[in-house]
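The next block holds one structure in the form of C-alpha cells; read it before the comments.
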Amino acid sequence: MSETILQVKNLKKYYMVGRKGLFGEKEYVKSVDGVSFELHRGETLAIVGESGCGKSTTVKSLIRVTEPTSGEVILKGQDFLKLKGEELKKARRNIKMIFQDPYSSLNPRMSVYDTIAEMLRVHKVVPAEELPARVEQLLTMSGLTMDIAERFPGEFSGGQRQRIGIARALSLNPAFIVADEPVSALDVSIQAQIINLLAQLQRELELTVLFISHDLRVVRHITHRVMVMYLGSNVEVGPTEAIFQHPAHPYTQVLTKAAPKLDPLNRQRDYAIEGEPPSPIHTPTGCKFHPRCPYCTDKCRSEVPELKEIAPGHLCACHYPL
C-alpha cells in the first residue's frame, strides 16, 4: 500500500443552535459526527452523499477553515489540529483547494501571472528569475498558454477560470488537493473538459486528491475510492467499482440507483430515496438511516453499527450489509 498522506480519526463538528428544557440543555447540529478515513499518496478519494450530509463541513474541519469540535487529523505524520503559528503556516503548504465557484475564487484585481506567482513568491519556492518559467509550466499543465498571463479573471469563461484555479493549486506541489464540487458551477459542455484535465493531471503527476461531489457519474469516472456519508457519518468506504457494483449499505445501494442515467433517451431513475433525512439536531437512535431503510430491524433502531471491513479495503457501517 502507498504512503498514507492523511489520517482522519473520529472527526466531529457540532454547532450549538439553542437551549431547551427547564435547565437549558444545549442543542447542537451534528454536521460531522465521528468521521474516520485515510487518504493515500497518488489516489483520488471521493466523499459523496445527499446535500446536507456533511461533505463540505468535513473538509472545512479537517483543513481548519473551521475548527473541529474534536477528533484527530494526521497530515504526513503531524497532528495538524495542534499546529500553530509558523508550523501551521508551513503545514498548510501541503493542502491546496480547487473551489466550487471559479467566479469568486480568483481576485479580480490580480492578473493571471500574479495570481499564480504570488504563491511562489510568498513561500519562496523558486528564485525570482525562475518565476516566469514556473508560471508558464503551470499554465501549460492546466491547458492554458502564457499569452493570457497579463489578463484578468473577468476576461475569462468559467472553464478557463477553473483552469487558472487548478494551476494555482498545483503551484506549491501540495501533498494533496481538495476539489470541492469543482465542476458543479460550470456549463455541462465544459464539465467534461475539466474532469478529463483533472484525471490526466492525477495520472501524470500522481496527484493525491480529496474529491467532494454529489454527481456520481463524475465520481465513478475520476476516483479510486469512495466514502459515502449520511447525516454527518461515513456509512461505507471502498474501491470505486466495489461501491458501484456491490454497494453494501442500504443507503449506498439507493444512492447509486438514484443517480441519473447518461443515456439521453432514458432519463428515468431506477429508484428514489424514500422520505427526507432526519433532523441533524435530533438524530435517530441506533443506525441513523433506519427511518428510511426498507431492511430496518429492532437492532437497527437501538444499536449504532460499527464501520467494519466486509471485504479487502471495503468497510460498511450496517448490521446486515447487503
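Here, each number is a calculation from the coordinates, and none is a lab measurement. These numbers were taken from a predicted model, which means no experiment stands behind them. Note that we place each Cβ from the backbone using ideal geometry, even for glycine, and neighbour counts take in every protein chain shown.
Taking amide H as placed 1.01 Å from N in the peptide plane, the amide H of Y28 sits under 5 Å from that of V17, each at least 5 places away or on another chain. Computed from Cα atoms, the angle from the helix 112-122 axis to the main principal axis of the chain rounds to 80 degrees. Between S2 and S104, the distance separating the two model label sites (each 7 Å from Cα on the Cα→Cβ line) works out to 3.3 nm. In a fully extended conformation the segment linking T66 and R19 would gain 14.7 nm over its present Cα-Cα distance, using 0.36 nm per residue. FRET efficiency for the H282 to E303 pair, using the beta carbon distance and R₀ = 25 Å, is estimated at 0.85. Distance between the modelled labels on E86 and Y28, one decimal in nanometres: 3.5 nm (7 Å Cα→Cβ projection). Compared with the dominant principal axis of the Cα atoms in the chain, helix 158-170 is inclined by about 90°.
As I understand it, the value is the acute angle between the Cα axis of helix 188-205 and the longest principal axis of the Cα atoms of the chain; what does it come to in degrees, rounded to 10? Taking the Cα atoms of the chain, the angle to 188-205 is about 80 degrees. Springs between Cα atoms under 10 Å define the GNM used for the chain, and in it the highest mean-square fluctuation of C53, C296, C287 occurs at C296. Return the label of the correct value of semi-axes √(5λ) of the Cα gyration tensor in Å, as calculated from the structure shown, out of (1) 40, 19, 16; (2) 67, 25, 19; (3) 36, 24, 18. The listed entry that was calculated here is (3). For the chain, modelled as a GNM with alpha-carbon contacts under 10 angstrom, which of V73, V125, V112 fluctuates the most? Comparing V73, V125, V112 in the GNM, the peak value goes to V125. The stretch 282-321 and the stretch 1-79 have Cα centres lying 20 Å from one another. Could you tally the net charge around G232, taking each other residue with its Cβ under 11 Å from the Cβ of G232, Lys/Arg +1 and Asp/Glu -1? Surrounding charge for G232 is +4. Legend: distances between Cα atoms for K12/K299; K26/K84; K55/K90; K9/K30; K30/K82; pairs beyond 28 Å are K26/K84. Spatially, the stretch 102-126 and the stretch 152-179 are offset by 9 Å when compared through their Cα centroids.
Which one of I310, I243, I212 has the biggest mean-square fluctuation once the chain is modelled by GNM with Cα springs under 10 Å? Judging by the Gaussian network model, the answer is I310.
Label point of K76 set 7 angstrom out along Cα-Cβ; within the stretch 171-185, amide nitrogens under 17 Å from it belong to 171-178. Computed about its Cα centre, the charge dipole of the chain is approximately 640 debye, with only Lys, Arg, Asp and Glu carrying charge at their Cβ. In a fully extended conformation the segment linking R93 and S184 would gain 30.2 nm over its present Cα-Cα distance, using 0.36 nm per residue.
Put a dot 7 Å past the Cα of R121, heading toward its Cβ, do the same for E206, and the two dots end up 3.3 nm apart.
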